[in-house]
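Notes follow once the structure below has been shown.
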Amino acid sequence: MPILHAKRGSGKRAATPAVGGLAFVAYAMQMAAAYDFQDIEQRWRERWERDGIAVARPDATREKYYVLEMLPYPSGDLHVGHAKNYTIGDAIARSMRMLGYNVLHPMGWDAFGLPAENAAIQRGIAPATWTLSNIANMQRQLRLMGTSYDWSREIATCTPEYYRWNQWLFLRLYERGLAYKREAPVNWCPKDATVLANEQVIDGCCWRCNTPVQRRNLSQWFLRITEFAERLLDGLEGLEGWPERTRAMQRNWIGKSEGAQFSFAIEGVSERIDVFTTRVDTVYGVTFLALAPEHPVVARIKELIAPESAAAIDRFTESLRSKSELERTSLMEKQGLFTGAYAIHPLSGARVPIWVTNYVLAEYGTGAVMGVPAHDERDFDFARKHDLQILRVIVPTGSSVPAEAPIETAFVDDGTLIESGAFSGMASAEARRAIATEFQRREIGKATTTYRLRDWLVSRQRYWGTPIPIVYCNDCGEVPVPDEQLPILLPPDAPITGEGSPLARLPSFIETTCPRCGGPARRESDTMDTFFESSWYYLRYLDPQNETAPWARDAADAWMNVDQYIGGSEHAVLHLLYSRFFYKFFHDCGWVSGADEPFARLFHQGMLLSNGEKMSKSRGNVVGIDETAKKNGVDAMRLFLLYVTPPEDTSDWTDEGITGRVRFVNRVWRACEPLAARARSVDVRTLPVCTTPEEKALVRAVHLAARSLVEETLTRRFHYNTTIARLDETINALTAAIGTSPDAAATLYAVHAVPLLLAPFAPHIADELWSLYGYDRSVHLEAALAPQDAALALDEITLVVQVNGKVRARIACAPSIGEADAFALAQADPAVRGYLDGKELRKRIYVPGKLVNFVVG
RNA sequence: GGGGAAGUGGCGGAAUGGCAGACGCAGCCGCCUCAAAAGCGGCCGAGGCAACUCAUGUGGGUUCGAGUCCCACCUUCCCCA
């Protein structure tokens, strides 16, 4: 007898011998060669591409479903960590297709950005060349993963066909006053040699390279996202399909605070100092004013005071100049210097000393803070350190703390006002309204709302990005480039050295003529933040070839909004906030209709570790797609990524773990392939006749898996780990059935059903088996197996009998058993009887088909 | 300090308020084999000879019944200050 010990990935499949029954099974178990995933997976990838199984067209007869993964930056090479994200999206896309939805599942490239310039500097490769070759490789790898993207809609943001619409959209923002240039203190990353938006500064460091950012005063382009602050905040309420923590992060970032703004007069100076506070009820407790050293009034004060005092202020200011925001507000000790000047309290008339401090920032609020040490911890610390007066003006409501009692800590809660003139005795909330009204009456202030959100700084002093379509003319000033002159192409010959803006040093680019007067003019040399193009790319997929508009309104009407968006939580504020801003703008322009939110549901996949550690080149634990596709197969990889944890959890790639799924794929193959010919005639819509409990259980396992697939998909929970566990049970039951009754209708039914259940997760083996069952059409174009109640129903259930909540017996009975019969049966059970005899029966609980509980005393 | 998420065997995890630990990994024992690998079958929270008892971070509560709901606390992670 020939023994076929085929190595995985090499040998050919053994021919199915024409023997039946147990002898055949023994032969099949022994003889079936290991599944040759390499050949089979490649063959199906090519077939899907040829057949266009993922190409999406509008179809009024089916409900649309737009599932989207955040578009990747083409860094060069994918590893299994990336694969997790795309596998989740692909499992959803394939499941929804089989459930009858018209699925749109596109992919593209966030192709502008610094790494391409760094490659140019370090290795002399043109950014475009580097980027395009990375895209080619990553596209190959995404295909290798068996993903079902509609590649006919692919976009790369670095192509003129795409970025001309960046420029076009910028001009529309400009026309509406939502794009403007202004000088402001901005975040500067010295390593990347460019400015950064506030959202791109994480803990005081550059989000990309972790270099501490510096502050510089520069003239820069901003987008007026602050105008949308209230709508961005309100919109979060409706986003119930978003993770709560992401909504909370956006809420935090927008940072709405309601309070009052009012001004202090200064002794001997005509200017006034504006302050904003949420606690205007504590205003009688003000004992100092804290100013940012950069505050404009500081210059006026210096004129009033002794030269040596003014010099001290200058030294203090100088010492803070290079310090980052984080250092100044959080890391450094609270420092301050009395200026020698006094303000006048607007209500009490008291003299209030004016200090400059490190913990008040010029760019936030008004750059000045009223110091109320008794009711603010930071002010309290500052007052203690500098021996400033501490005045108690709020006491807990209902208590009677004398104003003179020593103050050990700041009382920061609301309470009742004391020592506050006409407002004494009021509750904090009431006093806030009353005092704001009083300020308004005196015309020195009013109730206002402020936001932490700043305008979005979008200009970058870099090459590999979209040129900003503005020219500067000596006569006409700032002039927008007319639409018909778009795109302004990125010149291929800019000197990329890492020093200075490349475009600024390229006369052939900079020198131009004014579109308005025809005179000599200079082009803007800054390019756009790459978050600009990723804020609207999901609309370009809908109409990628459009040459007259970024997208047509009817394309947006057909597909928007994105039904399910999938990506990392690191973009919780950045990309997801900018996109929401853009979409609201588009909505206002009438370019999209319906809800003014782009992403109806959002899913953050969890991180993937490698053997318990973060995957990184320096740790040497990066598991590549190519490597694992070759070693374990793509189906096993996909199954593992979905199986190891729920998709939103952090999971760990381990050799043992992937081995488990490789085994599973082989078990599927050994179970189904030898029976393929016989399973051909099965119709999975018709339940088979079962003659034994085991057969019934096998068919039930199939339908439990089918139900899990449908439920996890339609409830949008996507816990496919549980669905795959049900598939494990199905295969276990099937393997056992093959051992006893390979010809039973139930066995062949299960064999036939398996690829339908496996298709979203292990698409290749599913289609291979499906074709062996005689189908010409891909399994991915079939309808999902509909779970049937008749298959799920049990002939017999186990009724749990409890006495006082403890399980005392288990009784087999019919699932339809009624309450009276259940009690009678339970009470008659000898084990239960022992717990009931001689006790008073106080209560009986019956949970139909599940449980009886006797409460005795 | 404020807000968000989470804590279940050796490990990853499962469980509409109703038999805790499905499924997988690791481990142990068998079968097969000259042997090994692969495969197949069984065991696998703790204590106890057993009947049983204990067990889902800790302590309370609601309930006939709590991993699940409520309160307080502890720990971890994440955001904001």
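The values are calculated or read from the model by the stated rules, or taken from the named source; none is laboratory data. Model, not experiment: these values are computed from the prediction. Here the Cβ positions follow ideal geometry from the backbone for every residue, glycine too, while neighbour counts run over all protein chains shown. Ligands, DNA and RNA are stripped out before the accessible areas are found, and what is left, the full protein with its side chains, is counted by its heavy atoms. Shrake-Rupley method; radii C 1.70, N 1.55, O 1.52, S 1.80 Å.
Details
Residues checked against (1) open to solvent by less than 30 Å² (accessible area, probe 1.4 Å); (2) under 19 Å from A:ALA120 (Cβ atoms); (3) touching a helix residue (DSSP H, G or I) at 6+ places or on another chain (Cβ under 9 Å):
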{"site": "A:ALA436", "(1), (2), (3)": "yes, no, yes"}
{"site": "A:ARG441", "(1), (2), (3)": "no, no, no"}
{"site": "A:THR449", "(1), (2), (3)": "no, no, yes"}
{"site": "A:LEU457", "(1), (2), (3)": "yes, no, yes"}
{"site": "A:THR466", "(1), (2), (3)": "yes, yes, yes"}
{"site": "A:CYS473", "(1), (2), (3)": "yes, no, no"}
{"site": "A:PHE509", "(1), (2), (3)": "yes, yes, yes"}
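- Condition check for A:LYS850 on (1) within 14 Å of RNA strand B (Cβ to nearest atom); (2) open to solvent by less than 60 Å² (accessible area, probe 1.4 Å): one failure, at (2).
- Exactly one residue among A:ARG216, A:ARG251, A:ARG182, A:ARG247 is surrounded by fewer than 16 Cβ atoms within 10 Å (Cβ to Cβ) and farther than 18 Å from A:LEU457 by Cβ, and that residue is A:ARG251.
- Taking segment A:631-646 as the range and being more than 10 Å from RNA strand B (Cβ to nearest atom), at negative phi and in a loop (DSSP other than H, G, I, E, B) as the test, only A:ASN632 passes.
- Leading residue by the ranking (nearest to A:LEU792 (Cα to Cα)) among those in segment A:818-847 that are aliphatic (A, V, I, L, M) and within 14 Å of RNA strand B (Cβ to nearest atom): A:VAL847
- Enumeration of residues in segment A:557-579 that are part of a helix (DSSP H, G or I) and touching a Leu at 6+ places or on another chain (Cβ under 6 Å): A:TRP559
- Candidates A:ALA179, A:ALA184, A:ALA229, A:ALA193, filtered to the one that is at positive phi and among the hydrophobic types (A, V, I, L, M, F, W, C): A:ALA193
- Filter result (over 17 Å from A:ASP455 (Cα atoms) and of a type in the set (D, E, K, R)) within segment A:176-192: A:LYS191, A:ASP192
- The conditions of being of a type in the set (Val, Ile, Thr) and assigned to a strand (DSSP E or B) are not met by A:THR548.
- Selected residue (criterion: modelled with the lowest pLDDT) from residues of segment A:565-610 that are open to solvent by 10 Å² or more (accessible area, probe 1.4 Å) and aromatic (Phe, Trp, Tyr): A:PHE603
- A:THR722 vs. criteria within 12 Å of RNA strand B (Cβ to nearest atom), open to solvent by less than 60 Å² (accessible area, probe 1.4 Å) and not aliphatic (A, V, I, L, M): yes
- Members of segment A:602-623 that are under 20 Å from A:GLY567 (Cβ atoms) and in contact with a strand residue (DSSP E or B) (Cβ under 7 Å, 6 or more places away or on another chain): A:LEU602, A:PHE603, A:GLN605, A:GLY606, A:LEU608, A:LEU609, A:MET615
- If the condition is being touching a strand residue (DSSP E or B) at 6+ places or on another chain (Cβ under 6 Å) and modelled with pLDDT under 90, then segment A:224-241 contributes only A:GLY241.
- When segment A:233-244 is filtered for residues that are open to solvent by less than 50 Å² (accessible area, probe 1.4 Å) and over 16 Å from the mean Cα position of the chain (by Cα), the ones remaining, listed by number, are A:LEU233, A:GLY235.
- Condition check for A:ILE731: within 11 Å of RNA strand B (Cβ to nearest atom), closer than 28 Å to A:MET96 by Cβ and either free of Cβ contacts under 8 Å to residues at least 24 places away in the same chain or of a type in the set (A, V, I, L, M) (or both): yes
- Matching residues in segment A:124-147 - criterion: being crowded, with 19+ Cβ neighbours inside 10 Å and part of a loop (DSSP other than H, G, I, E, B): A:MET145, A:GLY146, A:THR147
- Number of positions in segment A:254-306 that are of a type outside the set (Val, Ile, Thr) and open to solvent by 50 Å² or more (accessible area, probe 1.4 Å): 16
- Just so you know, in segment A:657-689 the residues that are of a type in the set (Lys, Arg) and assigned to a helix (DSSP H, G or I) include one that is surrounded by the fewest Cβ atoms within 10 Å (Cβ to Cβ), and it is A:ARG663.
- Restricting attention to segment A:647-656, the residues being more than 6 Å from RNA strand B (Cβ to nearest atom), surrounded by fewer than 21 Cβ atoms within 10 Å (Cβ to Cβ) and not polar (S, T, N, Q) number 3.
- Set side by side, the residues A:TRP653, A:TRP669 differ, and just one is of a type in the set (Phe, Trp, Tyr) and in contact with a Phe, Trp or Tyr (Cβ under 6 Å, 6 or more places away or on another chain), which is A:TRP669.
- Across segment A:742-761, the number of residues qualifying as part of a loop (DSSP other than H, G, I, E, B) and more than 14 Å from RNA strand B (Cβ to nearest atom) comes to 4.
- In this structure, A:ASP483 qualifies as open to solvent by 30 Å² or more (accessible area, probe 1.4 Å) and touching a residue at least 40 places away in the same chain (Cβ under 8 Å).
- Restricting attention to segment A:785-817, the residues being open to solvent by 70 Å² or more (accessible area, probe 1.4 Å) and either more than 30 Å from A:SER95 (Cα to Cα) or within 12 Å of RNA strand B (Cβ to nearest atom) (or both) number 9.
- Number of the exception - A:ILE496 against (1) open to solvent by 60 Å² or more (accessible area, probe 1.4 Å); (2) more than 30 Å from A:MET370 (Cβ to Cβ); (3) not polar (S, T, N, Q): (1)
- Test: A:ARG678 is more than 8 Å from RNA strand B (Cβ to nearest atom) and under 42 Å from the mean Cα position of the chain (by Cα): no
- Condition check for A:GLU782: away from RNA strand B (no atom under 14 Å from the Cβ), in contact (Cβ under 8 Å) with a residue 12 or more places away in the chain and of a type in the set (D, E, K, R): yes
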